[in-house]
Structure formats: structure tokens, C-alpha cells
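K.L.:
One structure coming up, written as C-alpha cells, with questions to follow.
Every read-out reported here was derived from the displayed coordinates using simple, explicitly stated rules and does not represent laboratory data. From a predicted model like this one, the values you see are computed outputs, not experimental measurements. Backbone-built Cβ (ideal geometry, glycine too); neighbour counts: all protein chains shown.
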Amino acid sequence: MAAAFCLSVCLSGCVGGMLQAEEASGYYDEAGNWIAEDSYAEAAGLENTDALAALTDGTSLDEAADAAAQDSALTGTYSVAEGWSVDSAASTAEKTVYKQDAYVGVENTSTISCSYMDTNYSVLEYEQLRDMLTNNLLYSNVNAQISTSAIYTQTKDYLYIVIVDDSALEYKDVYHYVVGDYRCFCVEVREYRSEADQAVADGVKTPHEVGQATAEEFTWDAL
């Protein structure tokens, strides 16, 4: 009977503590200690709410810090030229797709797609990365002419460019890879020939040129 009473009191106290924790924006750890989200975030060096949510699900401090570091490793700063906007319907969680303002939501038009990619290569192993990327495109585009080039971004990162051009198609694909340690920022351009011709006639940048400028101006966020 005494044990039942103690259990009842404990449950009542715990419920009250949980309600208090919710109001104060925190939670109890496994040892029963109250942890405020702000202090935990400060200790972990975390500022994103997704990481904080993971902590409340039992993620350790080290695991959360590692997750935050991994997220920051695949982020950077870039912009796409004026006149191009995000096409939400064509974009995914992994890739942001831009189209010329007049063609947002319209299929079979030129696109500039920006995304990040993990790799198995450091910056010093860029040649192996280059060969891997080229071979993958060769195998998946057997009828296309493949041409490659390499330059540097404005921040002196290696920028590898692959043009995949199948003359039987009404477009060509251009891939830009900004190389980082075990990571890449990717700008993929699908350029419709008719739009490129019109851009040249109008004296403005072609989709290919806009996409390459985006890659050249890209800057990795500090780790």
C-alpha cells in the first residue's frame, strides 16, 4: 500500500514536472535532471531547431553536434541571376530548381538545379573525383558528345565542368561541380537550344552562362 502511494505521488510529480518543462522550453534527461533547451543548445553550439528536437528524442550531445557539423559541411552561399526564380513544383528537398520567371511552372523549359553531394574524395584527390563524375556521365549518356573543362571559382575552389550534348535532343545538359573536401556543390543546367538562341539574339546570358556564373560565385560556409 505504501509502495502504491509512493508510485502515485511520483507519477503526479512527474506529470507536473513535464508540464513545467513544456512551459519552460526544456526537458528531463535520463537521470531526471532538468535541461533547458537554450543552455543545451549553447553548450552544443547548435542553433537549428531540428537538432534541438533530436536532443529531446534521446540523441546524445556528441551525436547532435556531429549532425550539425555534417549539415554545415554541405552548405554555402550562392545566387542565381535576376530573372530566374525557384520553381517549387520542380524542386525537392535535395535539389532547388530555378527557371526563368516567364517559365516557372512550365515543363520542357531551361532549368538551373542547385544541390550538394557527399563524395569519397578530398580536394587533393580532385582528379579521381573528376574521372568518376565523367565516367558516370559517359555510361548514362552513350549517344552524347562529352566535353570537359576546369576553372576556379572566385574563392579559388576547383570547378569542374562537363557538357553532355546529344544532337538528337532539343537541349543539352551542363554539369558544374565546385569541389570541396569530401563534398561538392552541383549546378546542373538543362539548356534548351531555342532559348539559348533567343538569349544570344537578345544580347543576354544563356542559361548555361547563368548557371556557370552561379557556380563561379559560390562560397562554402565555414565549418
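K.L.:
Just check segment 115-223 against the gyration tensor rule for me: Cα atoms, a ≥ b ≥ c as the square roots of the eigenvalues, rounded for a/c under 1.5, and otherwise prolate or oblate depending on whether a/b exceeds b/c.
P.N.:
Oblate is the answer for segment 115-223, as a/c is 1.5 or above yet b/c matches or exceeds a/b.
K.L.:
With Cβ to Cβ distances under 13 Å as the rule, what net charge do the other residues near residue 96 carry (K, R +1; D, E -1)?
P.N.:
Residues near residue 96 contribute -1 overall.
K.L.:
Another question about this same structure. List the trypsin sites (Lys or Arg not before Pro) within segment 121-223 that DSSP assigns to loop and that have no more than 10 neighbouring Cβ atoms inside 10 Å.
P.N.:
Here the sparse-neighbourhood loop sites are 156.
K.L.:
Enumerate by residue number the chymotrypsin sites (Phe, Trp or Tyr not before Pro) in segment 168-223 meeting two conditions: DSSP loop (anything except H, G, I, E, B), and at most 11 other Cβ atoms within 10 Å of the site's Cβ.
P.N.:
Hits after loop and neighbour filter: nothing returned.
K.L.:
Still on this structure, please answer the following. Calculate the length of the line joining the C-alpha centroid of segment 148-201 to that of segment 68-132, in whole Å.
P.N.:
Cα centroid of segment 148-201 versus Cα centroid of segment 68-132: 11 Å apart.
K.L.:
Also: Please tell me the relative contact order of segment 173-223 in percent, rounded to the nearest whole number, where contacts are Cα pairs under 8 Å and at least six residues apart.
P.N.:
With pairs under 8 Å counted, the relative contact order is 34 percent.
K.L.:
If we count every other residue with Cβ under 9 angstrom of residue 176's Cβ, Lys/Arg +1 and Asp/Glu -1, where does the sum land?
P.N.:
That works out to -2.
K.L.:
Between residue 186 and residue 102, what is the spin-label point distance in nm, taking each point 7 Å from the Cα along the Cα→C-beta axis?
P.N.:
According to this spin-label approximation, the distance is 3.0 nm.
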